Amino acid sequence: MKKNTFLALFLFNGLLLFAQSNEEETIRKIYSSSLTNSKCYAWLDHLSNKIGGRLSGSANAEKAVQYTKTQLETLGLDKVYLQEVMVPKWVRGEKETAYIQEGKTKTHVPICALGGSVATPKNGLTAEVVEVHSIEELARLGDKLKGKIVFFNRAMEPENIETFISYGGCVDQRYAGAAAASKFGAVGTIVRSVNLRLDDFPHTGAQSYNGIPKSQYIPTAAISTNGAELLSKKLKSNPKLKFYFKMSCEQLDDVLSYNVIGEIKGSEHPENIMVVGGHLDSWDLADGSHDDGAGVVQSMEVINIFKNLGYRPKNTLRVVLFMNEENGGRGGQKYEELAQANKEKHIFALESDAGGFSPRGFSLDTDDANFNQILGWKDLFEPYLVHSFTKGHAGSDIGPLTSKPLVKAGLKPDSQRYFDHHHAANDTFDAINKRELELGAATMASLVYLIDQKGIVK
């Protein structure tokens with residue numbers, strides 16, 4: 001090897017090692033800041049315990065908008081503002097009641113209305129029950145469903161290590177079951193809660209009537225997994241038993257709400273926008289600490305970490321707290337609509353909407369070149385037990401973004417306990433581990449930092 005060639009290689013490798021050393025040191029500082037000087041746990045404490053459930057269109061959702069805007073303003077950002085968005089307003093009404101009726105014997109079971117459902121008649125609804133395990137079964141049963149309550153009882157598959165795969169495998173019965181059953185003359189539907197464990201918590205969630213006439217809307221509710229097991233067992237011994245449930249939920253007119261946005265202008269490429277965010281709304285059965293209070297405060301913490309470290313990003317960084325992910329997705333849609341109208345150029349978007357558990361990696365929605373670049377940073381994350389970099393869904397709120405080229409990423413926490421709490425009355429602050437929450441924020445900040453430093457592959 002010639003002397004000049006050797007010297008060039010030596011200098012190149014030295015610069016590479018120096019750059020890698022700098023990256024390792026900065027990421028170490030990011031984790032140290034999050035674990036020793038974060039605000040995210042205190043922010044979440046307020047969102048959860050002082051405000052509570054934040055269903056779109058509710059007074060609590062408005063309180064959350066004002067609270068998070070005020071907190072972002074205390075961080076000394078270049079800009080903090082609200083982005084108007086019209087959102088649906090659905091109210092649950094009185095607490096739901098239900099029981100299995102066998103002759104004169106009534107066995108009460110826990111249920112909750114699914115989001116967007118209509119109410120039962122004022123005195124409740126009683127009918128015989130037909131158990132099914134898929135929407136496809138309805139066509140085979142046909143007229144046998146007329147005047148009946150359809151009971152969707154497909155459980156989450158337990159053998160999948162990635163629990164979101166199991167969720168995707170059965171959530172269609174919750175979302176589309178009522179509309180499908182109505183077409184065959186069913187008078188109501190009961191859906192097994194999307195939950196891997198057996199407990200007494202019914203799990204709510206969005207459902208849609210999928211364009212059927214309003215005259216054909218039927219009430220639909222989730223039943224706890226223990227309740228579903230009991231109902232299924234009783235049906236086997238008595239197919240003629242009846243089920244009673246009563247709900248007073250109501251869909252009202254759309255109301256004005258807001259996305260909350262905080263921004264640091266890029267020092268070198270202000271025209272390039274990086275987004276980090278979560279959704280500010282939650283369901284109303286609890287305070288929504290995991291879904292998605294955790295994602296909200298982790299996104300805010302990313303900017304707090306950078307401020308604490310004195311790091312000013314090269315590209316413009318926005319924290320976006322989206323409204324109405326749970327029952328409409330209108331916050332994400334409005335953000336993209338205005339981004340297009342303003343001819344904004346987004347290069348990166350990161351969402352946290354899978355709970356505040358220990359971070360394991362990222363799900364990446366991008367092309368091969370950018371995926372491979374991020375995969376090449378895996379060694380920088382492994383000291384923090386972050387190791388899973390996969391292609392897949394990044395997030396519902398950043399899903400509508402269409403800038404090109406664009407890298408979308410979703411934080412992947414450990415998912416084993418997530419569906420114990422998802423959309424249920426036990427999604428509360430006491431289920432949050434402070435250290436795990438902070439580790440997630442640091443993991444997000446680290447990826448934002450690397451994207452900001454390295455850029456994306458165009």
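Here are a few things to note about the model shown:
- Single match in 88, 121 (criterion: open to solvent by 30 Å² or more (accessible area, probe 1.4 Å), modelled with pLDDT of 95 or more and either touching a helix residue (DSSP H, G or I) at 6+ places or on another chain (Cβ under 7 Å) or of a type outside the set (A, V, I, L, M, F, W, C) (or both)): 121
- Filtered residues of the range 142-159 (kept if closer than 21 Å to residue 393 by Cα and either open to solvent by less than 50 Å² (accessible area, probe 1.4 Å) or over 24 Å from the mean Cα position of the chain (by Cα) (or both)): 156
- Residue in the range 308-327 that is in a helix (DSSP H, G or I), modelled with pLDDT of 95 or more and within 22 Å of residue 437 (Cβ to Cβ) present: yes
- Residue 434 vs. criteria in contact (Cβ under 8 Å) with a residue 40 or more places away in the chain and among the basic types (Lys, Arg): yes
- Yes/no for residue 242 being in contact (Cβ under 8 Å) with a residue 40 or more places away in the chain, out of contact with any Gly (no Cβ under 9 Å at 6 or more places or on another chain) and open to solvent by less than 50 Å² (accessible area, probe 1.4 Å): no
- Top-ranked residue in the range 103-115 [being open to solvent by less than 50 Å² (accessible area, probe 1.4 Å) and in a strand (DSSP E or B); ranked as farthest from residue 175 (Cα to Cα)]: 107
- Residues that are of a type in the set (A, V, I, L, M) and over 18 Å from the mean Cα position of the chain (by Cα), drawn from the range 167-217: 176, 178, 179, 180, 181, 186, 187, 190, 191, 198, 212
- Filtered residue count, the range 68-81, keeping only those that are open to solvent by 50 Å² or more (accessible area, probe 1.4 Å), part of a strand (DSSP E or B) and not hydroxyl-bearing (Ser, Thr, Tyr): 1
- Close pairs (6 angstrom Cβ cut-off, 6 or more residues apart or separate chains): within 23 Å of residue 112 (Cβ to Cβ) and in contact (Cβ under 8 Å) with a residue 40 or more places away in the chain in the range 245-261, among the hydroxyl-bearing types (Ser, Thr, Tyr) and in a loop (DSSP other than H, G, I, E, B) anywhere: 246/120; 247/120; 249/117
- Set 348, 381: member being in contact with a strand residue (DSSP E or B) (Cβ under 7 Å, 6 or more places away or on another chain), at pLDDT 95 or above and more than 22 Å from residue 174 (Cβ to Cβ): 348
- Residue match in the range 31-38 (condition: in contact (Cβ under 8 Å) with a residue 60 or more places away in the chain, open to solvent by 30 Å² or more (accessible area, probe 1.4 Å) and β-branched (Val, Ile, Thr)): no
- Some residue of the range 60-67 being at pLDDT below 95 and either over 18 Å from residue 356 (Cα atoms) or open to solvent by 70 Å² or more (accessible area, probe 1.4 Å) (or both): no
- Evaluating residue 231 against the criteria (1) of a type outside the set (D, E, K, R); (2) surrounded by fewer than 17 Cβ atoms within 10 Å (Cβ to Cβ); (3) more than 19 Å from residue 157 (Cα to Cα) leaves one unmet condition, (2).
- Qualifying residue in the range 295-318 (condition: touching a Ser or Thr at 6+ places or on another chain (Cβ under 6 Å), among the basic types (Lys, Arg) and in contact (Cβ under 8 Å) with a residue 40 or more places away in the chain): yes
- Any hit, the range 197-211, residues being open to solvent by less than 10 Å² (accessible area, probe 1.4 Å), closer than 30 Å to residue 65 by Cα, modelled with pLDDT of 95 or more and hydroxyl-bearing (Ser, Thr, Tyr): yes
- Selection within the range 312-333 - crowded, with 21+ Cβ neighbours inside 10 Å and more than 23 Å from the chain's Cα centre (by Cα): 313, 315, 316
- Output for the range 284-297, where each listed residue is out of contact with any strand residue (DSSP E or B) (no Cβ under 7 Å at 6 or more places or on another chain) and not small (Gly, Ala, Ser): 284, 287, 290, 291, 297
- Within the range 334-440, strands (runs of 3 or more DSSP E) holding 1 or more residues that are open to solvent by less than 10 Å² (accessible area, probe 1.4 Å) and under 26 Å from residue 197 (Cα atoms): 359-365, 407-413
- Test for residue 129: is it touching a residue at least 40 places away in the same chain (Cβ under 8 Å) and in contact with a Ser or Thr (Cβ under 9 Å, 6 or more places away or on another chain): no
The values are calculated or read from the model by the stated rules, or taken from the named source; none is laboratory data. Since the structure is predicted, the reported quantities are computational estimates derived from the model, not experimental observations. Note that each Cβ is placed from the backbone with ideal geometry, even for glycine, and that neighbours are counted across all protein chains shown. Note: accessible area is taken over every heavy atom of the protein model, side chains too, but ligands, DNA and RNA are not part of it. Shrake-Rupley method; radii C 1.70, N 1.55, O 1.52, S 1.80 Å.
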